[in-house]
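Undergrad: If you scroll down you'll find the structure; I have some questions about it.
Derivation of every value follows stated rules applied to the coordinates shown; laboratory data play no part. Since this is a predicted model, take the numbers as computed values, not measurements. Glycine gets a Cβ as well: all are built from the backbone with ideal geometry, and neighbour counts include every protein chain shown.
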Amino acid sequence: MTLTASGQISIGGNITAQSIEVELGQSGLVTASLNDTAFRTLAGKSSGQISMSDFYAKSVSTAGIWAWGYNYSGQLGNGSLTESRILVQVGNLTNWNQVACGNYHTAAIKSDGTLWAWGTNSDGQLGNGSLTESRIPVQVGNLTNWKQVACGNYHTAAIKSDGTLWAWGYNYYGQLGIGSDSDSSIPVQVGNLTNWNQVACGTYHTAAINI
């Protein structure tokens, strides 16, 4: 799956005239009809970004956030735990700017700069001060200056518009970058630099660029 220069989603591989095969985590490949309502809804919409994990995928477009695939921990964000072979919308809002997929959790930033997360929360990766999973988006704090977010397997990292870098969740291998191996259920600042530009999360590590 790729995002074209014109902002359209292109799905390659196993395509027939009327259907596509979508990876559905542990269920393997399943067939989704190109005539599904969600695919027709996204047709012609500008998709600014897509994100995929091992088990599910999401797209941010002018029609909102859409998700499909595995949903064991509510990572699709549609209020259920049922995996989906078709695209399902996350709520009904259309003001999302960016989305990031972890193994079983998702984080996304709205155009108003607020940060939201949903899915599994066993290690505090949702960043809302609890360890309770959520099937719908929950806000991470109340700040409105989040710029970019990334998700690892069980941790999350994000950059604010002031250039500071923050991380939370599982930290056994020091992936939060805070000088300890303690987990955190709320965002903690990584160092004191204010010139971070981009962050990415691996399975159990994090990398970022400062300028």
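Undergrad: Please list 3J(HN,Hα) in residue order for segment 93-101, calculated via the Karplus relation 6.51 cos²θ - 1.76 cosθ + 1.60 where θ = phi - 60°; whole Hz, with x for glycine and proline.
TA: 7, 10, 10, 8, 9, 8, 9, 9, 10
Undergrad: Under 5 Å between amide H atoms, partner at least 5 residues away or on a different chain: which partners does N210 have, H built in plane at 1.01 Å?
TA: N197
Undergrad: Which order do C201, C151 fall in if you start with the one that has the fewest other Cβ atoms within 10 Å?
TA: Ordered from fewest to most neighbouring Cβ atoms within 10 Å, C201, C151 come out as C201, C151.
Undergrad: Between Q189 and N210, how many nm apart are label points set 7 Å from Cα along the C-beta direction?
TA: 1.2 nm
Undergrad: Something else about it: Expected output is a single nm value to one decimal: the length gained when fully extending between N197 and S80, i.e. 0.36 nm times separation in residues minus the C-alpha distance. What is it?
TA: 38.6 nm
Undergrad: Whole-Hz ³J(HN,Hα) for each residue in segment 146-154, computed from phi via Karplus 6.51 cos²θ - 1.76 cosθ + 1.60 with θ = phi - 60°, x for glycine and proline: what do you get?
TA: Per-residue couplings from phi come out as 7, 10, 8, 9, 9, 10, x, 4, 9 Hz.
Undergrad: If we count other beta carbons within 10 Å of each Cβ, what is the order of L115, L81, fewest first?
TA: The most exposed by this proxy come first: L81, L115.
Undergrad: Please turn the phi angles of segment 163-173 into ³J(HN,Hα) values with the Karplus equation 6.51 cos²θ - 1.76 cosθ + 1.60 (θ = phi - 60°), one per residue in order, whole Hz, x for glycine and proline.
TA: x, 7, 10, 10, 8, 6, x, 5, 9, 4, 9
Undergrad: Out of residues 5 or more away from G152 or on other chains, whose amide H comes under 5 Å of its own, with H placed 1.01 Å from N in the peptide plane?
TA: A157
Undergrad: Would you mind checking which residues have amide H under 5 Å from E133's amide H? H placed 1.01 Å from N; only 5 or more apart, or other chain.
TA: The list, which skips near neighbours in sequence, is N121.
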